[in-house]
Amino acid sequence: MYLGARLSGFGGQGVISAGVLLAYAGMIDNKNVSFFPAYGAEMRGGTANCSVVISDDEVASPVVTAPDVAVVFNEPSFEKFEPMVKKGGILIINSSLVNSKSKRTDIKIIEIPLNQIADKIGNSKVINMIALGALSKATGAVSKKSLTEALPKVYKKLKPELINLNVKAVEEGYNSVN
């Protein structure tokens, strides 16, 4: 098993922390992982993306140039990463903020209204966890269980009620994929 993922959005959408959590979940699932962040010049509000590799074998490079799966949280990320997804890959789109429609027929498109789901849950900051739940279901690269087990390890300072909220967000994302 090998999965190269790219997560991308505005700074402040939790893209980098989602990448850390995804990599940690991969470790819990006894996979080899790498995490490679990239930030825009502005940081919060600028662009942020990261590469995460999850593999049964050793990871040769932490940079994912042709992702098996891309998760795009906003329109600029869609424009940049949609063309890069490997043929046969998966594109997970935050349909709350991305109005463009992919014209590609060689990849699986999953549109999820991350912001609306987060608002329904009661916290707009959990869009990244919803996206990770969807990625788990769509790819099987990490288990939903490992994502939820990783939460208190990665976010050590979060209060139990916020951990529970994030667990609920992962569940919502997982259940939003057919």
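The values are calculated or read from the model by the stated rules, or taken from the named source; none is laboratory data. As the structure is a computational prediction, the values presented were derived from the model and not from experiment. Note: ideal-geometry Cβ built from the backbone for every residue, glycine included; neighbour counts use all protein chains shown.
Any residue at all in region 11-22 that's within 19 Å of Ser176 (Cβ to Cβ) and in a strand (DSSP E or B)? There is no residue in region 11-22 that is within 19 Å of Ser176 (Cβ to Cβ) and in a strand (DSSP E or B). Checking every residue in region 77-86 against the condition of being among the β-branched types (Val, Ile, Thr) and over 23 Å from Asn175 (Cα atoms) gives at least one match.
Scanning region 1-15 for residues that are farther than 17 Å from Ile92 by Cβ and not hydroxyl-bearing (Ser, Thr, Tyr) gives Met1, Gly11, Gly12. The single condition among (1) β-branched (Val, Ile, Thr); (2) over 18 Å from Gly140 (Cβ atoms); (3) modelled with pLDDT of 95 or more that Ile92 does not satisfy is (2). Residue-level analysis places Lys168 outside the set of residues that are more than 18 Å from Ala118 (Cα to Cα) and not aromatic (Phe, Trp, Tyr).
Can you pull out every residue in region 141-154 that is out of contact with any strand residue (DSSP E or B) (no Cβ under 9 Å at 6 or more places or on another chain) and within 16 Å of Ile130 (Cα to Cα)? Of everything in region 141-154, those that are out of contact with any strand residue (DSSP E or B) (no Cβ under 9 Å at 6 or more places or on another chain) and within 16 Å of Ile130 (Cα to Cα) turn out to be Ser143, Lys144, Lys145, Ser146, Leu147, Thr148, Glu149, Ala150, Leu151. Each residue in region 101-121 was checked for being among the charged types (D, E, K, R), under 16 Å from Gly133 (Cβ atoms) and either modelled with pLDDT under 95 or touching a strand residue (DSSP E or B) at 6+ places or on another chain (Cβ under 7 Å) (or both), and 1 of them qualify. Inspect all residues belonging to region 28-45 and state whether any of them is within 19 Å of Gly133 (Cβ to Cβ), buried (at least 24 other Cβ atoms within 10 Å of the Cβ) and of a type outside the set (Ser, Thr, Tyr). Looking for residues that are within 19 Å of Gly133 (Cβ to Cβ), buried (at least 24 other Cβ atoms within 10 Å of the Cβ) and of a type outside the set (Ser, Thr, Tyr), one finds none in region 28-45, hence no.
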